[in-house]
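Take a look at the structure set out below.
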Amino acid sequence: MERWPVKPKHVAIAIGLLILAALIMNFNQRLEELNRLTTQAETARARATALMETQVALQTKVAFATSDEVVGQWAREERRWVRSGETPVVVLPADSGTPTASPTPPPQTPPPRNWQVWWELFFGD
């Protein structure tokens with residue numbers, strides 16, 4: 001029984017196929033890594049964009065809150081501060097006026113009892 005002869009050509013083809021299989025597996029791993037990194041990059045980009053929009057919104061609010069017009073309005077409404085040349089007007093609530101002294105009522109005589117009323121009717125002047 002004769003074995004098939006092992007020729008260098010067959011050995012080279014087998015080694016080439018093994019190398020090709022290893023390269024395909026390596027390429028597949030690299031593609032998976034690329035997809036994972038691409039997803040992470042998109043997520044980071046979206047977060048960065050949201051943070052930049054938040055920063056712009058906050059900077060706008062700070063610029064508005066520190067503007068001279070808004071600060072002056074707040075000072076006049078909340079703190080009752082006035083500019084030079086303005087006359088401050090303080091509005092007092094209606095119930096906090098100056099209290100007036102009420103006169104002391106004269107002492108009242110107690111009402112007469114029933115028997116006293118009848119006594120006056122029959123025997124009075």
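Only one of Phe122, Phe27 is at pLDDT below 95 and of a type in the set (Phe, Trp, Tyr). Can you tell me which?
Sole residue among the options that is at pLDDT below 95 and of a type in the set (Phe, Trp, Tyr): Phe122.
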If you go through the range 54-70 one residue at a time, do you hit one that is under 33 Å from the mean Cα position of the chain (by Cα), part of a loop (DSSP other than H, G, I, E, B), surrounded by 10 or more Cβ atoms within 10 Å (Cβ to Cβ) and free of Cβ contacts under 8 Å to residues at least 24 places away in the same chain?
-> yes
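The values are calculated or read from the model by the stated rules, or taken from the named source; none is laboratory data. What you see is a predicted model, and the numbers here were worked out from it, not measured in a lab. Cβ atoms come from the backbone with ideal geometry, glycine included; neighbour counts cover every protein chain shown.
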